[in-house]
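Asker: Below is the structure I would like to discuss, written out as structure tokens.
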Amino acid sequence: MKNKLLVILILFLSFIYLSCSSLNKKEAWNSIKEAEWIRKGEPIIFEGENWYPRDIIENLIEDEVIKICTYKETDVYIEKTEVRPLNRLYTKFENHKYRLFEKNDQNR
């Protein structure tokens with residue numbers, strides 16, 4: 001009887017451990033795949049101007065940005081505090097991380 005209880009206890013604890021450890025893993029649906037056109041360095045055309053991706057990733061929470069448009073099926077954001085003329089655009093890179101886009105192409 002003791003052996004059966006021990007086996008049941010081990011199975012129960014294993015189940016709890018596996019359930020909890022899966023909560024800490026990043027779920028596939030929760031990650032964002034960056035568009036290929038961004039990876040190629042192609043610009044966003046916004047209000048008639050080219051905005052180029054940078055190798056700069058900003059840490060922003062969703063409450064700090066606002067979606068201003070969708071370009072090639074990718075949401076484009078600005079910071080809520082941004083005023084015109086706009087200096088930065090962002091695309092979401094992953095949770096709380098946004099890729100910076102700027103107008104000037106000379107720094108590329």
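FYI, it's all coordinate maths here, none of it is from the lab. Just so it is clear, the model here is predicted, and its values are computed rather than measured. Note that we place each Cβ from the backbone using ideal geometry, even for glycine, and neighbour counts take in every protein chain shown.
Asker: With the Cα gyration tensor of the stretch 32-102 giving a ≥ b ≥ c as the square roots of its eigenvalues, does the rule (a/c under 1.5 for rounded; else a/b larger than b/c for prolate; else oblate) give rounded, prolate or oblate? Please list the in-between numbers first.
Answerer: Working: a/c = 1.55, a/b = 1.06, b/c = 1.46.
Oblate, because a/c is 1.5 or more while a/b does not exceed b/c.
Asker: What aspartates and glutamates sit close enough to LYS33 to cross-link, taking a C-alpha to C-alpha distance under 20 Å and skipping anything fewer than 8 places away on the same chain?
Answerer: Reachable aspartates and glutamates: GLU42, ASP55, GLU58, GLU62, GLU73, ASP75, GLU94.
Asker: Contour minus end-to-end for TRP37 and LEU86, with contour as 0.36 nm per residue of separation and end-to-end as the Cα-Cα distance? Write out the running numbers ahead of the final one.
Answerer: Details: separation 49, 0.36 × 49 = 17.64 nm, distance 2.21 nm.
That works out to 15.4 nm of additional length.
Asker: FRET efficiency for ILE68 and ASN104, Cβ-Cβ distance as r, R0 = 25 Å, nearest 0.05?
Answerer: 0.85
Asker: If the chain between LEU5 and GLU49 were fully stretched, how many nm would it gain, using 0.36 nm times the residue separation less the Cα-Cα distance? Please list the in-between numbers first.
Answerer: Numbers: separation 44, 0.36 × 44 = 15.84 nm, distance 7.01 nm.
Taking LEU5 through GLU49 to full extension adds about 8.8 nm, to one decimal.
Asker: Grab the other residues whose beta carbon is less than 9 angstrom from that of THR91, score K and R as +1, D and E as -1, and report the net.
Answerer: Taking every other residue near THR91 into account, the sum is 0.
Asker: Same structure, new question: Give the long-range amide H neighbours of ARG88: residues separated by 5 or more places, or on another chain, with amide H under 5 Å away, using H modelled in the peptide plane at 1.01 Å from N.
Answerer: Long-range HN contacts for ARG88: none found.
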